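S.K.: Have a look at this one.
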Amino acid sequence: MFHVLILCTHNSARSVLAEGMLNHWAARLGRPVRAHSAGSAPSGRINPFALEALRNVGVDTADFRSKSWDEFTAPEAPPLSLVITVCDSAAAEQCPVFFGGQGQPLKLHWGYPDPSDAEGGDAGKRRAFELTRQAIGYRMLQLLALPLEQMDKAALQAALLEIGRR
């Protein structure tokens, strides 16, 4: 199983959208990939617009919760292959040491503007969350198209950086 941890400071919007979309697409495509999300300073709640955007495309959000990245530093945590930051503040933070797997996971940054900051009231926020969900979902599909089981770390890093440039 290829475990991916997606980080955003508060684990309330972008990281949750990414976790939901990656797990959704991996299940539909039959890929052995499992996404998790967390934050360095979790808010303790998921933004309702993020949950709505995911539910609107058939993602089950019943078990989603805002959680700390500390859950993924314990020896019994899933062995992480990849850590992706999706907000600039999380990308600038010093990540903890993650255990398990074959050494430290690959780390990269795929930044997205915070849809919570959208103007235009609830309608503007809904639109921003949906556009962010679509952008994240597209990158997650590209990640799943890679032959993950056959790639060494250098090739995977190069492919993921290329996806991030698109």
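The values are calculated or read from the model by the stated rules, or taken from the named source; none is laboratory data. Model, not experiment: these values are computed from the prediction. In this analysis, Cβ positions are derived from the backbone assuming ideal geometry, glycine residues included, and neighbour counts consider all displayed protein chains.
S.K.: For GLU71, indicate whether it is out of contact with any Gly (no Cβ under 8 Å at 6 or more places or on another chain) and surrounded by fewer than 18 Cβ atoms within 10 Å (Cβ to Cβ). Give the derivation first.
M.R.: Details: out of contact with any Gly (no Cβ under 8 Å at 6 or more places or on another chain): yes; surrounded by fewer than 18 Cβ atoms within 10 Å (Cβ to Cβ): yes.
Yes, satisfied.
S.K.: Would you please name the residue that is modelled with the lowest pLDDT, looking only at residues in segment 98-130 that are hydrophobic (A, V, I, L, M, F, W, C) and either within 30 Å of MET151 (Cβ to Cβ) or in contact with a Leu (Cβ under 7 Å, 6 or more places away or on another chain) (or both)? If you could, list the steps in order and put the result at the bottom.
M.R.: Step one: list which residues in segment 98-130 are hydrophobic (A, V, I, L, M, F, W, C), which gives 98-99, 106, 108, 110, 118, 123, 128-129.
In the following step, the residues that additionally are either within 30 Å of MET151 (Cβ to Cβ) or in contact with a Leu (Cβ under 7 Å, 6 or more places away or on another chain) (or both) were identified as 98-99, 106, 108, 110.
Numbers: PHE98: 56, PHE99: 49, LEU106: 91, LEU108: 91, TRP110: 94.
Top of the filtered list is PHE99.
Conditions tested, residue by residue: (1) under 24 Å from ARG28 (Cα atoms); (2) of a type outside the set (Asp, Glu); (3) not in a helix (DSSP H, G or I).
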{"position": "GLY124", "(1), (2), (3)": "no, yes, no"}
{"position": "THR132", "(1), (2), (3)": "yes, yes, no"}
{"position": "TYR138", "(1), (2), (3)": "yes, yes, no"}
{"position": "LEU141", "(1), (2), (3)": "yes, yes, no"}
{"position": "GLU149", "(1), (2), (3)": "yes, no, no"}
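S.K.: A further question follows. Looking only at segment 71-87, which residues are modelled with pLDDT of 90 or more and in contact with a Ser or Thr (Cβ under 9 Å, 6 or more places away or on another chain)?
M.R.: Once the filter is applied, which keeps residues that are modelled with pLDDT of 90 or more and in contact with a Ser or Thr (Cβ under 9 Å, 6 or more places away or on another chain), segment 71-87 yields ILE84, THR85, VAL86.
S.K.: Could you list, in sequence order, all residues of segment 65-86 that are part of a loop (DSSP other than H, G, I, E, B) and either in contact with a helix residue (DSSP H, G or I) (Cβ under 6 Å, 6 or more places away or on another chain) or among the small types (Gly, Ala, Ser) (or both)? First the steps, then the outcome.
M.R.: Step one: filter segment 65-86 for residues part of a loop (DSSP other than H, G, I, E, B), giving 65-67, 73-79, 86.
Answer for segment 65-86, where residues must be part of a loop (DSSP other than H, G, I, E, B) and either in contact with a helix residue (DSSP H, G or I) (Cβ under 6 Å, 6 or more places away or on another chain) or among the small types (Gly, Ala, Ser) (or both): SER66, ALA74, ALA77, VAL86.
S.K.: Return a yes/no flag: does segment 88-97 have any residue that is at pLDDT 90 or above, not in a loop (DSSP other than H, G, I, E, B) and not aliphatic (A, V, I, L, M). Spell out the reasoning first.
M.R.: So the first thing to find is which residues in segment 88-97 are at pLDDT 90 or above, and the list is none.
The answer is no; no qualifying residue exists.
S.K.: Which of the numbered conditions does ALA50 fail, given that it passes all the others? Conditions: (1) over 22 Å from ASP117 (Cβ atoms); (2) modelled with pLDDT of 95 or more.
M.R.: All conditions are met except number (1).
S.K.: Same structure, new question: Take ALA41 and decide whether it is touching a Gly at 6+ places or on another chain (Cβ under 7 Å), more than 19 Å from LEU141 (Cα to Cα) and assigned to a loop (DSSP other than H, G, I, E, B).
M.R.: Details: touching a Gly at 6+ places or on another chain (Cβ under 7 Å): no; more than 19 Å from LEU141 (Cα to Cα): yes; assigned to a loop (DSSP other than H, G, I, E, B): yes.
The answer is no for ALA41.
S.K.: Which one is farthest from the chain's Cα centre (by Cα), of the residues in segment 45-58 that are in a loop (DSSP other than H, G, I, E, B) and surrounded by 13 or more Cβ atoms within 10 Å (Cβ to Cβ)?
M.R.: Ranking the candidates gives VAL57 first.
S.K.: Every residue in segment 138-166 that is under 23 Å from PRO48 (Cα atoms) and in contact with a Leu (Cβ under 8 Å, 6 or more places away or on another chain), please.
M.R.: Passing the criteria: only MET140.
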